[in-house]
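Peer 1: Take this structure, written in structure tokens, and hold onto it; I'll ask about it next.
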């Protein structure tokens, strides 16, 4: 019976899933072009002007991203993003708020109606009249997540891969030198970017999706109204998202960031530095080493805990009679 119910849920999701995958694919493909424009037109101009003024080549980037400019750095992927590194900017597309919002909308929308939606529609009694237990019903929804989330991750990566294939190598635009009234160098800088280097970051993307979906399922397992459940979940994650974003440029609230799941979503560390662990001393000990936690491991641990809460809560609760 689990297979039949799983197939029904997948069939009901096929259109919104396809639309979400297409949206993520197109955005990542477009982000490759945006990355090319920034690193081959804007950044070289800043670096050249800095050299002419006998300033460090990173002078304008540091000035741009200082103070209120930290908001821009946060939007582009956080404190580790370097505007002069195409590979850094490429992975910033995975951190862009638009992508995180789309992923959250998908996970919340799918899991929010898993239990509360059936109760709201009055179809839970009919569903449980089938030869399937409450535990197996929760298990079915977990299996749906495990099948669908890899597809969303692959859609994101396929967009990056396609964009890199279409754009090709990154070469500084000759028009940049013309605007600076300078002859182009004999050996222009050519950046070779690769979407294959982004592939390990998909583990972090999958972990974030699992965490959001599992927490939403836990809320749904205790709820009765789908709209009320969605409202509570959206408020819960919106607060977490804002705390993590604001904490990146306002040190007074930075210590709250590890209490959010979004703090452990930092694929740029995986791609740019090969760091799968994050030291909490960066926010709790004035930047001095403290102790580290695995980013993907924390997200998976949160997911296991939330799925367990959803299972126990739904298995032991009394279901209200349909209105």
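The values are calculated or read from the model by the stated rules, or taken from the named source; none is laboratory data. The structure displayed is predicted, hence computed values, not measured ones. All Cβ positions, glycine included, derive from the backbone under ideal geometry; neighbour counts span all protein chains shown.
Peer 1: I'm checking my understanding of the structure. Among residues of the stretch 265-283 that are in contact with a helix residue (DSSP H, G or I) (Cβ under 8 Å, 6 or more places away or on another chain) and free of Cβ contacts under 8 Å to residues at least 40 places away in the same chain, which one is nearest to residue 244 (Cα to Cα)?
Peer 2: 283
Peer 1: Now a separate question. Taking the stretch 206-263 on its own, how many of its residues are outside any helix (DSSP H, G or I) and more than 29 Å from residue 316 (Cβ to Cβ)?
Peer 2: 4
Peer 1: Another question, if that's okay. Condition test on residue 286, is it in a helix (DSSP H, G or I) and either under 26 Å from residue 220 (Cα atoms) or out of contact with any helix residue (DSSP H, G or I) (no Cβ under 7 Å at 6 or more places or on another chain) (or both)?
Peer 2: No: the conditions fail for residue 286.
Peer 1: From the residues in the stretch 283-323 that are surrounded by 17 or more Cβ atoms within 10 Å (Cβ to Cβ) and farther than 18 Å from residue 210 by Cα, which one is modelled with the lowest pLDDT?
Peer 2: The selected residue is 283.
Peer 1: Answer with yes or no whether residue 200 is touching a helix residue (DSSP H, G or I) at 6+ places or on another chain (Cβ under 8 Å) and either modelled with pLDDT of 90 or more or farther than 28 Å from residue 137 by Cβ (or both).
Peer 2: In short, yes.
Peer 1: Let me ask something additional. Name the one entry in 198, 217, 235 that is farther than 27 Å from residue 91 by Cβ and surrounded by 16 or more Cβ atoms within 10 Å (Cβ to Cβ).
Peer 2: After applying the criteria, what remains is 217.
Peer 1: Based on what the data block shows, is residue 74 in contact with a strand residue (DSSP E or B) (Cβ under 8 Å, 6 or more places away or on another chain), modelled with pLDDT under 80 and surrounded by 19 or more Cβ atoms within 10 Å (Cβ to Cβ)?
Peer 2: no
Peer 1: In addition: Taking the stretch 151-181, which residues are in contact with a helix residue (DSSP H, G or I) (Cβ under 7 Å, 6 or more places away or on another chain), part of a loop (DSSP other than H, G, I, E, B) and at pLDDT below 70?
Peer 2: 173, 180
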